[in-house]
Amino acid sequence: MGNTFLDNLPQLISQIQAAAEQVESAKVSAYAHKLKGSADNVGGLALRKSAFALEMAGKADNHAEIQRLVKEVEAEYALLAQALKAKLQEIQA
């Protein structure tokens with residue numbers, strides 16, 4: 001499951017970034033919803049929390065909050081991806 005997460009999430013993060021840059025709040029919300037579920041599937045609680053907040057900001061059409069939360073999601077994703085890669089290497093060793 002971790003490999004699938006690591007393979008698929010960079011594209012989803014890119015979609016969130018593009019939607020935020022194009023001020024497409026509904027798309028940000030939809031992509032954040034997908035991210036929230038993916039993060040939950042691998043136990044990424046901090047990323048799930050940030051994705052949920054981003055989803056709600058998208059639904060509220062709050063552009064300033066969307067911009068702030070996109071950065072938070074990026075940071076949380078990087079931390080989770082690093083932890084998952086380390087765990088996968090540990091398992092494969």
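Of note:
- Of all residues in the range 60-93, those being at pLDDT 95 or above and either in contact with a strand residue (DSSP E or B) (Cβ under 8 Å, 6 or more places away or on another chain) or among the charged types (D, E, K, R) (or both) number 7.
- Residues of the range 46-93 classified as under 21 Å from Asp7 (Cβ atoms) and open to solvent by 90 Å² or more (accessible area, probe 1.4 Å), total: 9
- Residue in the range 24-35 that is touching a helix residue (DSSP H, G or I) at 6+ places or on another chain (Cβ under 8 Å) and over 21 Å from Ala64 (Cβ atoms) present: yes
- Flag if Ala26 is over 12 Å from the mean Cα position of the chain (by Cα) and of a type in the set (A, V, I, L, M): yes
- Some residue of the range 61-78 being under 21 Å from Ser14 (Cβ atoms), of a type outside the set (Lys, Arg) and not in a helix (DSSP H, G or I): no
- Criterion (of a type outside the set (Gly, Ala, Ser) and in contact with a Pro (Cβ under 9 Å, 6 or more places away or on another chain)) met by exactly one of Tyr77, Tyr31: Tyr77
- Of all residues in the range 24-45, those that are at pLDDT below 95 and aliphatic (A, V, I, L, M) total 2.
- Any chance Val23 is on the phi > 0 side of the Ramachandran plot and in contact (Cβ under 8 Å) with a residue 12 or more places away in the chain: yes
- Qualifying residue in the range 1-16 (condition: surrounded by fewer than 15 Cβ atoms within 10 Å (Cβ to Cβ), in contact (Cβ under 8 Å) with a residue 60 or more places away in the chain and assigned to a helix (DSSP H, G or I)): yes
- Criterion violated by Asp40 - all others in (1) surrounded by 13 or more Cβ atoms within 10 Å (Cβ to Cβ); (2) in a helix (DSSP H, G or I); (3) touching a residue at least 24 places away in the same chain (Cβ under 8 Å) satisfied: (3)
- Of all residues in the range 17-37, those that are assigned to a helix (DSSP H, G or I), open to solvent by 70 Å² or more (accessible area, probe 1.4 Å) and hydrophobic (A, V, I, L, M, F, W, C) total 1.
The values are calculated or read from the model by the stated rules, or taken from the named source; none is laboratory data. Small disclaimer: the values here were computed from a predicted structure and weren't measured. Every residue, glycine among them, receives a Cβ derived from its backbone with ideal geometry; neighbour counts consider all protein chains shown. We work out accessible area using only protein heavy atoms, side chains counted, and drop any ligands, DNA or RNA first. Shrake-Rupley method; radii C 1.70, N 1.55, O 1.52, S 1.80 Å.
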